[in-house]
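Just so it is clear, none of the values below were taken in a lab; they were calculated from the coordinates. Predicted model, so just to flag it, every value in this text is computed and none were measured. In this analysis, Cβ positions are derived from the backbone assuming ideal geometry, glycine residues included, and neighbour counts consider all displayed protein chains.
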Amino acid sequence: MCPELSAEGARPAHLAPAYRAALVTGASLNAIMFFTEGAVGLAIGSAALIADAVDFLEDAGMYSLAVVALAWSARNRAFAGLVMGSAMFGVGLVAVWQVIERLLVGGAPSAPPMAGTAAVALVVNVYCAWRLAPHRRGDASRRSVWLSPRNDAILNALTIAAAGLVAWTATAWPDLGAGIIIAAINMSAAVGIARLARRELREKGR
C-alpha cells in the first residue's frame, strides 16, 4: 500500500513541514498552559481546571512524541498512537481523582478566574485544532493528535458554562460535574484511538 501523500504529492502526509510546525507550536502552547491553568486551578480549588491542566501536560507530551515519531515506520507510528491513547485514558483517571479530592475537601472555586482561565484555554485549543485540521486524516497517531485539542475546546466551553453556574448557585457541583465530563470524554476518545492503533498494529504485523 502506498503511503498517503501531502497535498503537494511530493512526500508522505505525515512528513509535511506544515504538520511538523503545527506539532511544535502545539507542544509549546500546551506546556505553557499546563503551568498557567494548573496554578490557577490549585489557587482557587477548581477540579475542572486542574484536570484540564493535566490534560495540557499530556497534550504537550503527545505533540512532542508525534514530532519524534514522524520519521518512524508506519508500525511504530501505530504504536505511538497506542501510547497516546493510553495517556489520554490516564488523564481521565486524574480527572476522576480530582473530583473525588474536591468532594472530600469541599468548597466552591472562584467563578471569575475559573471562567477567564478556561476562556484562554479555549482559544489555545481552538488554535491548535485549526492548525492540525488539514492533517487529521490518516493513521492513529495523527488522528489522536487532532482529536485531543478538538475535544479539549469543547470541554473548555463547558468549563466556562460551569463557572457561570458556580457563580449562580454558589456551590462546587457545576465544577465537579465538568470534571466528571472531562474524564468521560478523555476516556472515550482514548478507547477509540487505542482500538484504531491496535488494528493498525495487527495490519502492519502481517
Review point. How many residues, within region 42-57, are within 15 Å of Leu155 (Cα to Cα) and in contact (Cβ under 8 Å) with a residue 24 or more places away in the chain?
Key: 10
Check your understanding: Listed residues Ala118, Ala133; which is out of contact with any Phe, Trp or Tyr (no Cβ under 8 Å at 6 or more places or on another chain) and assigned to a helix (DSSP H, G or I)?
Key -> Ala118
Practice item. Scan Thr171, Thr117 and give me the residue that is in contact (Cβ under 8 Å) with a residue 40 or more places away in the chain, closer than 17 Å to Ile44 by Cβ and buried (at least 20 other Cβ atoms within 10 Å of the Cβ). Key: Thr117
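Anything in region 137-191 that is in a loop (DSSP other than H, G, I, E, B) and closer than 23 Å to Ile100 by Cβ? List them, or say none.
Going through region 137-191, the residues in a loop (DSSP other than H, G, I, E, B) turn out to be 137-139, 170-172.
Matches in region 137-191: Ala170, Thr171, Ala172.
When you scan region 146-163, how many residues do you find that are within 21 Å of Gly106 (Cβ to Cβ) and surrounded by fewer than 23 Cβ atoms within 10 Å (Cβ to Cβ)? Break it down into steps so the answer makes sense when it comes.
Looking only at region 146-163, we keep the residues that are within 21 Å of Gly106 (Cβ to Cβ), and these are 159, 162-163.
Okay, now just the ones that are also surrounded by fewer than 23 Cβ atoms within 10 Å (Cβ to Cβ), so none.
Going through region 146-163 one residue at a time, the tally reaches 0.
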Review point. Is it fair to say Ala111 is touching a residue at least 24 places away in the same chain (Cβ under 8 Å) and among the small types (Gly, Ala, Ser)?
Key: yes
Point to revise | From the options Leu103, Leu65, residue that is part of a helix (DSSP H, G or I), out of contact with any His (no Cβ under 9 Å at 6 or more places or on another chain), of a type outside the set (S, T, N, Q) and more than 21 Å from Leu132 (Cα to Cα) | key: Leu103
